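K.L.:
Before we start, here is the structure in question, set down as structure tokens.
Where a number appears in this text, it was derived from the coordinates with a stated rule and is not lab data. In this text, all values refer to a predicted model and were calculated from it rather than measured experimentally. Cβ: placed from backbone, ideal geometry, glycine included. Neighbour counts: every protein chain shown.
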Amino acid sequence: MKVDDYIFDLRPDVTRKPVSYKNRYGITIAADLYLPRDFDESTSHAALVIGAPYGGVKEQGPGIYAQEMAARGFVALTFDPSFNGYSGGEPRYVTSPDIFVEDISAGVDFLGTRPFVDRERIGAIGMCGSGAFSLCAAQVDRRIKAVATTSMWDHHRFYHEGWEDCYTDEDRNKILDDLGEQRYVDFENPQPALTPRDAPFVDENTDDIGREFGEFYSAPRGSHHNALTQHTRTSVLSFMNFPLLAYVHTISPRPILIVVGEKAFSRYLGEGAFEKAAEPKELYIVPGAGHVDLYDKTDLIPFDKLEAFFKENLA
């Protein structure tokens, strides 16, 4: 049954347990651990840490992924990113590329200290923004033995280069000057200013991308009270200055699977990451799928592909 506003029903063949732990910055992370219902804790198992879309929480798409992978035999952990959901961190809704990448590795810390998890068989799945965060974590965290991304979004490239790399130096400097002034405003106020919602309430004037997000986050399909899809305005500065995928080629020889929707507006970012990565790597295109489709549409999410990838590479 649906409880605490999870957007999905818990499968009868899976158990879910709330857990918590601290990341390297001392922030308490609220997480859910999914296990097969007939789980044998006396043997060691492969495990996956599953990162949420930027602005999302564990009760949404990550939980859908986690329970499906648990049903297929994996230990699966998903969590609320720092400053979001039930996790700690102040001020709320600030975003940090460094800390969000750390949250992935903190999940590995937790999994690798469970007696029923094989430390040599831990992988990561990153959805949307967590796709880039998971790849970035794997660049330095060699405990992550295989990485898959779905609907990957590279926030550094997007904020630094603009939509489809359209920014000029003048465009970028204008944004930097505006956010520099915003820092003064935030300094003199008790709470930093937030961006507008990334997922607007849809009407006839909503653009196609806003509509896709709005029909998930701002509708019964995917709405959750902890997922505002708003962030502190000045968070953009950190992402502009933090090239998430600068060393993605160094993940090799650990394997990478990048899953993109055929019709996704983010497809160019996933393909860009694929081009920068070294072998072994695979780009998997889901026919007919958009970006947000791969958050929750279980008829489109290629779980068979994800299962095969991790069973082969976490064997």
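K.L.:
Any chance you could get the radius of gyration and Dmax over the Cα atoms of region 270-315, in Å?
P.N.:
12.1, 31
K.L.:
If the chain between Glu161 and Glu279 were fully stretched, how many nm would it gain, using 0.36 nm times the residue separation less the Cα-Cα distance?
P.N.:
Full extension of this stretch gives 39.9 nm more.
K.L.:
Assign unit charges at the C-beta atoms only (+1 for Lys and Arg, -1 for Asp and Glu), then state the dipole size of region 48-111 relative to its Cα centre in Debye, rounded to the nearest 20.
P.N.:
Here the size comes out at about 200 debye.
K.L.:
Give the order of Ile251, Ile99 when sorted by the count of other beta carbons within 10 angstrom, beginning with the fewest.
P.N.:
Neighbour counts put them in this order, fewest first: Ile99, Ile251.
K.L.:
Farthest toward the dipole's positive end in region 107-216, which of Val202, Cys166, Val108, given Cβ charges of +1 (Lys, Arg) and -1 (Asp, Glu) about the Cα centre?
P.N.:
Ranked along the dipole, the leading option is Val108.
K.L.:
Is region 74-165 best put as rounded, prolate or oblate by its Cα gyration tensor, with a ≥ b ≥ c the root eigenvalues, rounded for a/c under 1.5, and otherwise prolate when a/b is larger than b/c, oblate when not?
P.N.:
oblate
K.L.:
Can you give the Rg and Dmax of region 236-315 based on its C-alpha atoms, in angstrom?
P.N.:
In Å, with Rg to one decimal and Dmax whole: 14.0, 40.
K.L.:
Quick one: go through region 26-54 and flag any residue whose amide nitrogen is under 16 Å from the point 7 Å out along the Cα-to-Cβ line of Thr15.
P.N.:
Hits in region 26-54 for Thr15 at 16 Å: 32-45.
K.L.:
Please rank Cys136, Cys166, Cys128, fewest neighbouring Cβ atoms within 10 Å first, as an exposure proxy.
P.N.:
Ranking Cys136, Cys166, Cys128 by Cβ neighbours within 10 Å, fewest first, gives Cys166, Cys128, Cys136.
K.L.:
So, R0 is 30 Å and r is the distance between the beta-carbons of Thr298 and Asn189; what FRET efficiency does that work out to, to 0.05?
P.N.:
Here the calculated transfer efficiency is 0.10.
K.L.:
At a threshold of 8 angstrom on Cα-Cα distance, excluding pairs fewer than six apart, so keeping six or more, what relative contact order does the chain reach in percent?
P.N.:
That works out to 18 percent.
K.L.:
Over the chain, what per residue volume does the convex hull of the Cα atoms give, in whole Å³?
P.N.:
Enclosed volume per residue, from the Cα hull, is 128 Å³.
K.L.:
What is the gain in length, in nm to one decimal, between Ser252 and Glu90 on full extension, counting 0.36 nm per residue of separation less the C-alpha to C-alpha distance?
P.N.:
54.8 nm
K.L.:
Right, here's the next one. Which of the listed residues, Ala137, His156, Pro190, is farthest toward the dipole's positive end in region 114-208, when Lys, Arg count +1 and Asp, Glu count -1 at the beta-carbon?
P.N.:
Working it through, the farthest residue towards the positive pole turns out to be Ala137.
K.L.:
Do the alpha carbons of any pairs in Lys58/Lys276; Lys17/Lys311; Lys22/Lys145; Lys145/Lys276 sit beyond 26 Å of each other, and which pairs?
P.N.:
Lys58/Lys276
K.L.:
Quick check on region 1-82: take the gyration tensor over C-alpha atoms, sort the square-rooted eigenvalues as a ≥ b ≥ c, and tell me if it's rounded (a/c under 1.5), prolate or oblate.
P.N.:
Here region 1-82 falls in the oblate category.
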